[in-house]
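Some notes on the structure that comes next.
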Amino acid sequence: MDTKELLKKVKKIEIKTRRLSDHIFSGEYHTSFKGRGMTFSEVRQYQFGDDIRAIDWNVTARYNEPYVKVFEEERELTMMLMVDISGSEDFGTKNQFKNEIVTEISATLAFSATKNNDKIGLILFSDQIELYIPPKKGKFHVLRIIRELIEFHPKSNKTDVNQALKFLSGTQKKKAIVFLISDFMTEAYEQTLKIASKKHDITGIRVYDIREEKIPNIGIVPMLDAETGKMQLINTGSKTVRNGYEKYYINKVNYFKETFSKCGSGVVNMRVDESYVTKLLGYFKSR
């Protein structure tokens, strides 16, 4: 992709997702993810209805009239976007590929965080850490993240959520809001998620295509495994083959849901042909 085409694509995503974050998500995001506590802001004169427990008795004695302490939420937070860029994300049968939806979701979340003056960082992973952008503030930082999501080419096509979570725990020493975005067609990450979720507020966003749930009966067809690069002839006319695949898929999905729930982490299931706006808003409101 040349520079002109890339910039055009970045601008298109910015216009679409920034409008969403400005008008829909920023308030919900602010409400859903609280700051690190309350910090003292100022004192002001007591007004009818103020909590008498907030009275500053030293200032009250000095001015001979009641004053109260005003506290504000210590808002500054860090959002980490952890995005699976393995080969299985280059799949889609309706309107968009999974990785295109992932980019839009990530951009919307990042602009929502920017609206609240929070820092945003990015971890792109396959079965290794492909790219790490440390958390920073500002629009230009978000645009850099979008550029990387669009044009970055991974070294590996495989997936390892476990390694990504280990890297998160090793690099983020303070509490962060974490969105882990993947199709979660992998297992063996329960222990690392348990450790990471004790420190961070983690949400797993599973992005999938309806055609991944079942194999249709269309005879013998060549199929490419996006993560291994192997091409195989699959007899989709075989009920055993179709049932075997469906069982494999259901096991992976159930592992994702059960593991995240067990670790106290949030879960969002996002189908490519569904509105991610509706799904994210519903999740924010339910928190």
Find the Rg to Rh ratio for the range 42-187, where Rh is the Kirkwood radius over alpha-carbon pairs and Rg uses the same atoms.
1.25
Solvent accessible area, Å² - R44, 1.4 Å probe, full protein context
80
Taking N as the number of residues in the chain, what value does Rg over Cα atoms divided by 2.2 N^0.38 Å take?
1.21
Using a Förster distance of 30 Å, the FRET efficiency for K158-K279 (Cβ separation, nearest 0.05)
0.65
Order H141, H153, most accessible first, counting only protein heavy atoms with a 1.4 angstrom probe.
H153, H141
Return one number: the angle in degrees, 0 to 90 and rounded to the nearest 10, between the long axis of the Cα atoms of helix 3-20 and the longest principal axis of the Cα atoms of the chain.
50
Cα→Cβ-extended label distance, 7 Å offset, between E5 and N269, nm
3.6
Springs between alpha-carbon atoms under 10 Å, Gaussian network over the chain: tell me which of E130, E246, E148 tops the mean-square fluctuations.
E246
Applying the gyration tensor rule to the Cα atoms of the range 119-232 (axes a ≥ b ≥ c; rounded if a/c under 1.5, else prolate if a/b exceeds b/c, else oblate), the class is prolate
Lys and Arg at +1, Asp and Glu at -1: neighbours of E246 with Cβ under 14 Å from its Cβ sum to +4
Average silhouette area of the range 132-177, convex hull of alpha-carbon atoms, in square nanometres:
4.2
Candidates Y208, Y46, Y245: whichever shows maximal mean-square fluctuation once the chain is modelled as a Gaussian network with Cα springs under 10 Å:
Y46
Taking a ≥ b ≥ c as the square roots of the eigenvalues of the Cα gyration tensor, with a/c under 1.5 meaning rounded and otherwise prolate when a/b exceeds b/c and oblate if not, the range 167-261 is prolate
For the range 241-287: rounded, prolate or oblate by the Cα gyration tensor [a/c cutoff 1.5]
oblate
Under a 10 Å cutoff between Cα atoms, tell me which one of F125, F152, F256 has the largest fluctuation in the Gaussian network model of the chain.
F152
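The values are calculated or read from the model by the stated rules, or taken from the named source; none is laboratory data. Since this is a predicted model, take the numbers as computed values, not measurements. A quick note on method: Cβ atoms are made from the backbone with ideal geometry, for glycine too, and the neighbour counts reach across all protein chains shown. Areas reflect the complete protein model, heavy atoms only, side chains present, ligands, DNA and RNA absent. Shrake-Rupley method; radii C 1.70, N 1.55, O 1.52, S 1.80 Å.
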